[in-house]
1. When you look at S374, is it assigned by TED's automatic domain parsing to the domain that holds G301, surrounded by 15 or more Cβ atoms within 10 Å (Cβ to Cβ) and of a type in the set (G, A, S), yes or no?
2. Yes or no: D240 under 17 Å from N277 (Cα atoms), open to solvent by 10 Å² or more (accessible area, probe 1.4 Å) and part of a loop (DSSP other than H, G, I, E, B)?
3. Find all pairs meeting these conditions: Cβ atoms under 7 angstrom apart; at least six residues apart or on different chains; first residue within region 348-366 and in the same structural domain as D386 (by TED's automatic domain parsing) and near the ligand (Cβ under 10 Å from one of its atoms); second residue open to solvent by 30 Å² or more (accessible area, probe 1.4 Å) and assigned to a helix (DSSP H, G or I).
4. May I ask you to verify whether T48 is at pLDDT below 95, in contact with a Gly (Cβ under 7 Å, 6 or more places away or on another chain) and in the same structural domain as Q172 (by TED's automatic domain parsing)?
5. Just give me the residues in region 313-337 being within 9 Å of the ligand (Cβ to nearest atom) and in contact with an Asp or Glu (Cβ under 8 Å, 6 or more places away or on another chain), in sequence order.
6. Taking R387, is it without any contact (Cβ under 8 Å) to a residue 24 or more places away in the chain and within 10 Å of the ligand (Cβ to nearest atom)?
7. Considering only strands (runs of 3 or more DSSP E) fully contained in region 91-201, which possess at least 1 residues that are buried (at least 21 other Cβ atoms within 10 Å of the Cβ)?
8. Hey, does region 378-392 have a residue that's over 23 Å from N19 (Cα atoms), open to solvent by less than 60 Å² (accessible area, probe 1.4 Å), in a loop (DSSP other than H, G, I, E, B) and at pLDDT below 95?
Amino acid sequence: MDAAVSADGRHALTASFDNSVGYWSLEGEDVRWLDGHRAAVKTAIFLTEGFAASGGDDFTITLWNLKDGTAQARLEGHKGQVAGLAVSPDGSLLASASWDGSVGLWALPDGANVAMMTGHGGVVNDVGFSQDGAQVYTASADGTIRVWRVAEASETRQLVQHGFGVNKLVVQDDWLAYGAVDGGTRIIDIESGDVIADLTLDRRPILSMALSPDGSELAVGDGEGFVMTVSTDSWSITGDYKAAGKGPVWALDYTSDSTSLLAGGIDDAAYIWPAHNDLSAPIMATEERGFLRDPDAMSNGERQFRRKCSICHSLTDDGARRAGPHLGGLFGRPAGSVDGYIYSDTVAGLPFAWSDETIDQLFDLGPDHFIPGSKMPMQRIVKPEDRADLIAFLKDNT
Ligand code: HEC
């Protein structure tokens, strides 16, 4: 859902639907999984040397020590998903954009809350600091971009009224770029709000934006799988190509030499492309995901699994990461026993093993009743025959 490359170009972060942040070496293929969020991770950024921050659907922000991969602070206070993060140029403040409609300011390195700024009339999607760190710019589903003074933690003005929700912004010295739900892609004068360039194409929504480290180029990713690159000198389009065969380009950042893009979408992988793709680079997410496959071609049990479970569980210990533990060897397996998976205290402490009966009860009553306090979503499978077919499918395939 988000990607970031470190300033020295040696590492990358990927924020994922599987509740984890991947911390990658771009020199090898090593990855360390930063586990701690209790729901999908929407955004991740590098802080000063050796530290990172991530925000997620669990309403929290986690500060990570990258040397050992431990969570060093968990910042609570937002009442909605944390969709965007930014660090001040001097590294002393973290700003957070939340779907609760507020903008958080947090002192670094400890993460103490400095302020929660309210005023937007909708969820806040993205945030950026001015180059001098004195102001914060925020993009909201209420269609506005607002400016806040950091020192007083108060709103000073509305810079943009776009009419449609604004998803992403990039803040520079004298200009600001933004991308909106209706596909609107504009560059505006940061003082007057006048439109410098309108780069809107017929694709929507805009989901990701990145500025190259040398400042020469802006990349824009959208819901239809395209990446467009734009010269910040002439504001002309320098490249435009389909990056994802299916679905959105949520995550985008330049590598440190400004020649390539790190990108991600609905696929299980992140990709690095030449920023100016000559179209010989592979397209991501070309395969149908299991949960999108033709339901008529499956047995009822498989259909139940694909639709209701596969987004969070793999059937075997295949190393694929999901929000829930893998289900390999499930029957007879003691509850809460997959090595390396971080269970809730509830499931970790369950005194039984999984069987036809316990799985049946899990979805007859629903996890919220059968094992209250677990991280599983509320979900019942009402028809006994659907539960029986699911259990038979799991037995054959786990
Ligand atoms: C949105 C994600 C999600 C969906 C959908 C989901 N699960 Fe889960 N499941 C989880 C999580 C997270 C856990 C770990 C719960 C905890 O630690 O509290 C879990 C735990 C389990 C466990 C216990 C595993 C163990 O090792 O003890 C079983 C069994 C299970 N799920 C089966 C299913 C089945 C079958 C379905 C589909 C009908 C399903 N789940 C749908 C997220 C999900």
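The values are calculated or read from the model by the stated rules, or taken from the named source; none is laboratory data. Keep in mind that this is a model prediction, so the values were computed, not measured. With ideal geometry, Cβ positions are generated from the backbone for all residues, glycine too; neighbour counts draw on all protein chains shown. What goes into the accessible areas is simple: the full protein's heavy atoms, side chains included, and nothing from ligands, DNA or RNA. Shrake-Rupley method; radii C 1.70, N 1.55, O 1.52, S 1.80 Å.
1. Numbers: assigned by TED's automatic domain parsing to the domain that holds G301: yes; surrounded by 15 or more Cβ atoms within 10 Å (Cβ to Cβ): yes; of a type in the set (G, A, S): yes.
Answer is yes for this residue.
2. Numbers: under 17 Å from N277 (Cα atoms): yes; open to solvent by 10 Å² or more (accessible area, probe 1.4 Å): yes; part of a loop (DSSP other than H, G, I, E, B): no.
No.
3. L362/F370
4. On the way: at pLDDT below 95: yes; in contact with a Gly (Cβ under 7 Å, 6 or more places away or on another chain): yes; in the same structural domain as Q172 (by TED's automatic domain parsing): yes.
So T48 passes the test.
5. Scanning region 313-337 gives R322, A323, H326.
6. On the way: without any contact (Cβ under 8 Å) to a residue 24 or more places away in the chain: no; within 10 Å of the ligand (Cβ to nearest atom): yes.
No, not satisfied.
7. Details: elements: 93-98, 102-107, 113-118, 124-129, 135-140, 144-149, 154-161, 166-171, 175-180, 185-189, 195-198.
Of the strands (runs of 3 or more DSSP E) lying wholly inside region 91-201, those with at least 1 residues that are buried (at least 21 other Cβ atoms within 10 Å of the Cβ) span 93-98, 102-107, 113-118, 124-129, 135-140, 144-149, 154-161, 166-171, 175-180, 185-189.
8. Yes, region 378-392 contains at least one residue that is over 23 Å from N19 (Cα atoms), open to solvent by less than 60 Å² (accessible area, probe 1.4 Å), in a loop (DSSP other than H, G, I, E, B) and at pLDDT below 95.
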